[in-house]
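Notes follow once the structure below has been shown.
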Amino acid sequence: MNYHDTKLNTIDFLLTAERALISDPVTRVGGEKTSCNIPTYEMLKGVLSSVYWKPTLIWIIDELRVMNSIMTESEGIRLLKYNDGGPDLSIYTYLKNVRYQVRAHFIWNENRPELEGDRISGKHYNIARRMIERGGRRDIFLGTRECQGYVEPCEFGSGEGAFDNTGTLDMGYMFHGFTYPDEAFRSGEREHLSVRFWHASMVNGYVKFPAPEDIEDKDRRVISEMTAKIFKNNRNFTGTAEPGLEQFAEEESQ
């Protein structure tokens, strides 16, 4: 799978929220949670999946621009204890007033040859663009349910950002994302759920994410066995039977 094909179907959008809790899913089993300073690759991919998702394609997050200063606020959260179900109090530390510019593109999921007839670039690009204009198809959350996010179109790189002249800031060793079995292209990760990590840095407010297949073996771990869901046309998937696609199909063939 070539993750460096020409990036024609590129989407730019602005992501905002009053607060975000971008905690590491590998270590946040319970108790108190503290947000990472910047969004993870997986969270941004989840945002795009809420905007527009199809098993035909895979969203690749290219770049992030942090527009506002990184500020945090803490809040006491009343929870139930895992062992006896009684009340408990935890402190959650959120990011405050977040604003990000995001650039991403999609590629075809070659693990799903049965959906080859749905590989119509113009169709998916235009639907995704319209969904961003309308705020997405599903609710967007930045880490947890109480962190409601909003998307809108933007020109990536435009406007002034809080970190435009700060140079390089080290963000440490971070969670990158999950590799699900239907998106796995390495033999050892097929039929498994895997996790990826990377050493993140921000340069003048910009964070360039490595593509999933660019993460080295030493930064990947298999977590558990998992089987990919099978999609069948006219049974649990209607993508190849949607009306009004003749124009896009003709453009693809030219």
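Of note:
- Within the stretch 154-173, tally of residues that are at positive phi and either in a strand (DSSP E or B) or among the basic types (Lys, Arg) (or both): 1
- At least 2 residues being in contact (Cβ under 8 Å) with a residue 40 or more places away in the chain and buried (at least 17 other Cβ atoms within 10 Å of the Cβ) is the threshold, and among the strands (runs of 3 or more DSSP E) wholly inside the stretch 39-114 those reaching it are 57-66, 87-108.
- The set of residues in the stretch 198-217 that are hydrophobic (A, V, I, L, M, F, W, C) and open to solvent by less than 40 Å² (accessible area, probe 1.4 Å) comprises TRP198, ALA200, MET202, VAL207, PHE209, ALA211, ILE215.
- Condition check for SER74: of a type in the set (S, T, N, Q) and in contact with a Gly (Cβ under 7 Å, 6 or more places away or on another chain): no
- Qualifying position, being modelled with pLDDT under 90 and under 24 Å from the mean Cα position of the chain (by Cα), among PHE231, PHE197: PHE231
- Complete set of residues in the stretch 137-153 that are in a strand (DSSP E or B) and either within 13 Å of TRP53 (Cβ to Cβ) or open to solvent by less than 30 Å² (accessible area, probe 1.4 Å) (or both): ILE140, GLY149, VAL151
- Cβ pairs under 9 Å, 6+ apart, first in the stretch 154-173 and surrounded by 12 or more Cβ atoms within 10 Å (Cβ to Cβ), second of a type in the set (Val, Ile, Thr) and part of a loop (DSSP other than H, G, I, E, B): ALA162/ILE70; PHE163/ILE70; MET171/ILE38
- Residue count for the stretch 115-136, restricted to those that are of a type in the set (D, E, K, R) and surrounded by 14 or more Cβ atoms within 10 Å (Cβ to Cβ): 4.
The values are calculated or read from the model by the stated rules, or taken from the named source; none is laboratory data. Computed from a predicted structure; not experimentally measured. Cβ: placed from backbone, ideal geometry, glycine included. Neighbour counts: every protein chain shown. All accessible areas refer to the heavy atoms of the entire protein, side chains included, with ligands and DNA or RNA removed. Shrake-Rupley method; radii C 1.70, N 1.55, O 1.52, S 1.80 Å.
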